[in-house]
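Engineer: Quick one: this structure, given as structure tokens, is what I'll be asking you about.
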Amino acid sequence: MTALDAEEPHLTIVVPAYQEGEAILPGLRRILGAVQTAAEILVVVDSADDSTAAPVRELAETEPSVRVAVNDYGRGPANAIRYGIHQAVAPIVVVTMADGCDDPRQIDDLARLVDRGVVVAAASRYMPGGQQVGGGRFKTFLSRTAGRTLHVFADIGTRDATNSFKAYRRSFVTDVGIDSRDGFEIGLELTAKARRLRLPVAEIPTIWLDRTEGASNFKVLKWLPKYLRWYRFAFGRRLTLDQLIAKTASQGASS
């Protein structure tokens, strides 16, 4: 029995997926081969007939740590990630992408940082030792600029606040809630909320490799305003939890 077969997982790995089909399997197999922490892998799809579901269910017949969850919060990656985190049974949640661009060997290291006391542990492409290979130049420019400016001017705790490849203390996410409903901005949202609460955020370097199969579902221009909301939110005085919840609720009502 491997660590991923443990009955009580210490870690839930959330993988939002949309029409990946068989392309989902190489990444899942890399996770199964790399992760040593007792974990479950939760692949979240928007509908039961998503092409991702059947290959994952077939894999689950021999890998009981893997399961499919059908998101009923609404379509889109933000709702899939939010649903997956809410369905997690472990105290630590790692979000990683279905495209295989993230390095699964770092999942254990991210989880250990949360065990040591941080509420958000980020895999950083832009710190020393990190790298991004491939990907759109405009998207890379935006994420790198956001990461550097937030690191320098907001002291946000990571140079790569926009990367979705992060680990979270599940109780922290439960406390602050998730307001994002559209793109992949949840990683920035939760990092910004941790900063405003002055809770610890840490990072490790990662090498991100652009996907070799399938097409990206990332929509830069459509989701940019959502990222800007949380970019701006990261700056400001320390808030209590009640103040943070009230502030994000009022901003959501006015947006």
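Engineer: Just the number: Rg to Rh for the stretch 3-254, Cα atoms, Kirkwood Rh, two decimals. Each step should come with its number before you reach the end.
Structural biologist: On the way: Rg = 16.9 Å, Rh = 18.0 Å.
Ratio of gyration radius to Kirkwood radius for the stretch 3-254: 0.94.
Engineer: For the chain, give the share of DSSP beta bridges that are antiparallel, in percent and rounded to the nearest 5; count only bridges with both residues there. Before the final figure, lay out the partial values.
Structural biologist: Details: 7 of 30 bridges.
So the antiparallel bridges in the chain amount to around 25 percent.
Engineer: Once amide H atoms are placed 1.01 Å from N in the peptide plane, what residues at a sequence separation of 5 or more from D99, or on another chain, have their amide H within under 5 Å of its amide H?
Structural biologist: Amide H neighbours of D99: none.
Engineer: If you don't mind, there's one more thing I want to ask. Taking the Cα centroid of the stretch 20-45 and of the stretch 157-184, what is the distance between the two, rounded to the nearest whole Å?
Structural biologist: 20 Å
Engineer: Calculated from DSSP H runs of 4 or more alone, at -39500 (n - 2.57) each and per residue, what is the 222 nm mean residue ellipticity of the chain, nearest 500?
Structural biologist: Numbers: 9 runs with 103 residues, N = 255.
One gets -12500 deg cm²/dmol as the mean residue ellipticity at 222 nm.
Engineer: Run the paramagnetic zone check for D155: 7 angstrom along Cα to Cβ, then residues of the stretch 164-198 with backbone nitrogen under 14 Å.
Structural biologist: 195-198
Engineer: Taking amide hydrogens as modeled 1.01 Å from N in the peptide plane, which residues meet the under 5 Å criterion relative to R125, leaving out close sequence neighbours?
Structural biologist: Placed amide hydrogens put T206 under 5 Å from R125.
Engineer: Moving on to the next point. Once phi is turned into θ = phi - 60°, what whole-Hz ³J(HN,Hα) does the Karplus curve with 6.51, -1.76 and 1.60 give for every residue of the stretch 157-172, x standing for Gly and Pro?
Structural biologist: x, 8, 8, 9, 5, 8, 5, 7, 6, 9, 10, 10, 6, 4, 5, 5
Read-outs: derived from the displayed coordinates by stated rules, not from any lab. If you're wondering where the values come from, they're calculated on a predicted model, not measured in any experiment. Ideal geometry is used to build each Cβ from the backbone, glycine not excepted, and the neighbour counts take in all protein chains shown.
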